[in-house]
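A short reminder: the numbers here are calculations on the coordinates, not readings from a lab. These figures come from a predicted structure and were not determined experimentally. Cβ placement follows ideal geometry from the backbone for every residue including glycine, while neighbour counts extend to all protein chains displayed.
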Amino acid sequence: MEKRMNASLQRPEIKLQSLKEDIKEFFKISGWEKKLQNAVYSELSVFPLPSHPAAPPEHLKEPLVYMRKAQGSWEKRILKSLNSMCTELSIPLARKRPVGEQKELLNKWNEMGTDEPDLSLFRPVYAPKDFLEVLINLRNPNYENGDSLSFRTHLGLIQVPLKVKDIPELKEFFVELGLTTGQLGIDDSTQVPPELFENEHVRIGQKVLAEQDSAAAQQYIRQGSPTALRAELWALILNISSQPEDILYYEQLKTNVIQHDLLVDSLIYKDVKLTASNDDYYFVFEDYLYQVLLCFSRDTSVLGHFAYNSASPPKSYIRGKLGLEEYAVFYPPNGVIPFHGFSMYVAPLCFLYHEPSKLYQIFREMYVRFFFRLHSISSHPSGIVSLCLLFETLLQTYLPQLFYHLREIGAQPLRISFKWMVRAFSGYLATDQLLLLWDRILGYNSLEILAVLAAAVFAFRAVNLMEVTSLAAAEAVLADLSTLKVMPLLQIFLFATVT
Amino acid sequence: MSRVSVPCHVKGTVALQVGDVRTSQGRPGVLVIDVTFPSVAPFELQEIMFKNYYTAFLSIRVRQHTSTHTPPKWVTCLRDYCLMPDPHSEEGAQEYISLFKHQVSWDSAWLGKSREGLTGGLGIGLGYLEGRGEAGLAWACTLEGLLGFFFSFLKAWGGSILAHCWLGGSWAVSLGLAGSLCVCVCVYLCQMLCDMAKVLELRLILRQPSPLWVSFTVEELQIYQQGPKSPSMTFPKWLSHPVPCEQPAPLIEGLPDPSRVSSEVQQMWALTEMIRASHTSTRIGRFDVDGCYDLNLLSYT
């Protein structure tokens, strides 16, 4: 923007007295006003509201002290696990690649999937079920959790009293998903004539894109995005525009990958091989996944999101300089240690974006806006703890018989639905359904819809679940979600269930 | 506005409970904290700041110095200020709060949803539209509702607030104008129900009706009074009374007006200064130290 401004200032018709007015006018006609509005809107969506001036920075990350402590201990466990992997395998956390190896990697950059390194000794640092155990043991020391069952006992797995929305509040929040509003995912099915909703919706979508207005796009996408417009709409909402600087930045990250080899790379390889490569929908994108995730690990701009993330980036010291602050660095450079299933955050995006630097930018923005909340302990309404509590509360309140039955047979519902929510349902739903779901995540700027969908899935399969007698059988009933249609489930659960 | 911290002595919390504290099984839902100012003369309180710890409602009583003849009395200056919207859940449980002497947040009244703006109170809103011969009387049981009504009333008639002023005590009046000929008056109570001058002692009454919490209190309590006004400076005589300038020499033909040129040059200079002062915020993205990123193990500290 600065460059454009400088260029326009050199035009002879700009006079100094009217500089302010000329700039405003220039903004309007060149479309930069819109871009500025979009940038401001994007900042407002991402950053939390300014807090009290006396509040320390850790309060902005997470206001509740016991949650901060729990996140700290969890992180320490992850660090210990990674360190022990290093010492066992005698592999350094990071090393500079020899020149020959650098050339080799550069040559096969576009086909890293063909590489078959020996990853048998590597294991993921943690899996979602390990994280669930930590959340189950989360306790507020000031909360009265009596031994005997009373009104204050939580019947589910989560034992912290966070504020979650109930169905009337969810109905208000998700009002555009109501029965009387057209939805893509419902009103675009083959039986419905397109003149009723779909054609008009597509037309409005094209208009929104022409206006390049982020806020309008976010409102529009609550009713779903037409497939043809989705890539551009998401980019507009996330305020991503591929400038030459961004492509250059991506190339710089690629260079960093070539030059330095990280232990985290092997974890990424292993994760991709275990998850995305085995998935019918995503195995074709294996090479893209490496290109995005390896670069993601080197991106120091991601460190910025730790200001509002309850997690903190791991620290290390250059070899031989332990304790010297000038040689302290973050590891990995972006501060994010991938866990089992991490690559599934990227995989669905490969359907929308084929240019690596754009795919990368979209993923990075999705991560620092949404996905980081799914694997850190915080009290945020979109944090995984709140989502788990919301799921359990919805199920208990509206399907009490089912909840009680599952609890009695030792199949706490959260044990089954946790993995869905941590991955934002990626790899569990059919891709078109998943993208419709992620449309709404963007549209409402909240992950609460994941908890509502999880409860809706249980409600849908309630009859079968009432007949099972073990956790394994319950898992089997809910093993395959690939035939589910997301929007009807959500609509019925929120707006059409008799309470 | 500058503020100065007042050294205070916070006495231990006293639980108010019916019956014997030791044998009774229930938990006290009301705590009282006394705050004294042993080394300070009666002062005008500007701000109270603290960190909440699971307190749901806060009331504050203040003992003020009146005249030398009458003994100082206790006056309630804040009643049931809500710190936790839902006492059974964690929302607002560990937040930092500031309470000001006179604080009316217009935005909060407009949106009706701000925490720090207004406390509950009774008020009467009176609107009379001469041009249209209508009168509106509003009775709102919350301050937010009242002011919200008042503003929507004004807005509906295309009006705006003209002025608002403090009437003294805890009352303020707001004057709005709508249309060509109408006056709307809104009289209301502000955050602190009383004047905070000459404070001798404070008493904070904490309430937590929910039995879910083991304990509740407020932490990091700090009291502020108004800081000294910036000292008035005496300007040299020639600054405050500049000598009237002489008539400038008549303009030579063809040259631009010197005053215009000087203002333009000033603006250009300001621009160059701004550009020089602003640092580029583009990150370089280096994660290594001098090209070296050889790491052995992660650090736990």
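Using the average count of surrounding beta-carbon atoms within 10 Å as a protection proxy, the listed peptides B:203-215, A:35-47 rank, highest first, as B:203-215, A:35-47.
Put the Cα centre of the stretch A:165-221 next to the Cα centre of the stretch A:278-326 and the gap is 35 Å.
So what's the gap between the Cα centers of the stretch B:26-75 and the stretch A:416-469, to the nearest angstrom? Taking the Cα centre of each part, the stretch B:26-75 and the stretch A:416-469 sit 51 Å apart. Remark: mean inter-chain Cβ contacts per residue of A:138-145 equal 4, using a 10 Å Cβ-Cβ cutoff to other protein chain atoms. Here the stretch A:25-129 was treated as a single set of alpha-carbon atoms; its pair distances binned every 10 Å from 0 give 10, 19, 20, 22, 23, 6, 0 percent. Taking 0.36 nm per residue of separation and subtracting the Cα-Cα distance, full extension of the segment from B:Ser215 to B:Ala277 would add 17.2 nm. For the peptides A:375-381, B:92-98, the ranking by packing is A:375-381, B:92-98, with the highest mean count of neighbouring Cβ atoms within 10 Å listed first. Taking amide H as placed 1.01 Å from N in the peptide plane, the amide H of A:His260 sits under 5 Å from that of A:Arg97, each at least 5 places away or on another chain.
Between A:Thr483 and A:Ala54, the contour length at 0.36 nm per residue exceeds the Cα-Cα span by 149.3 nm. The mean count of C-beta atoms from other chains within 10 Å of the C-beta of residues in B:84-96, rounded to a whole number, is 5. Amide H contacts under 5 Å for B:Leu297: A:Tyr317, restricted to partners 5 or more places along the chain or on a different chain, H placed in the peptide plane at 1.01 Å from N.
Placing pseudo-labels 7 Å out from each Cα toward the beta carbon at B:Ser39 and B:Thr13 gives an inter-label distance of 2.7 nm.
Cβ crowding within 10 Å ranks A:Leu253, A:Leu155, A:Leu121 as A:Leu121, A:Leu155, A:Leu253, fewest other Cβ atoms first. Ellipticity at 222 nm from helices only: DSSP H runs of n ≥ 4 in chain A, each -39500 (n - 2.57), divided by the residue count, give -15500 deg cm²/dmol.
Highest mean first, how do A:239-250, A:49-60 rank when packing is the count of other Cβ atoms within 10 Å averaged over residues?
Descending packing order for the listed peptides: A:239-250, A:49-60.
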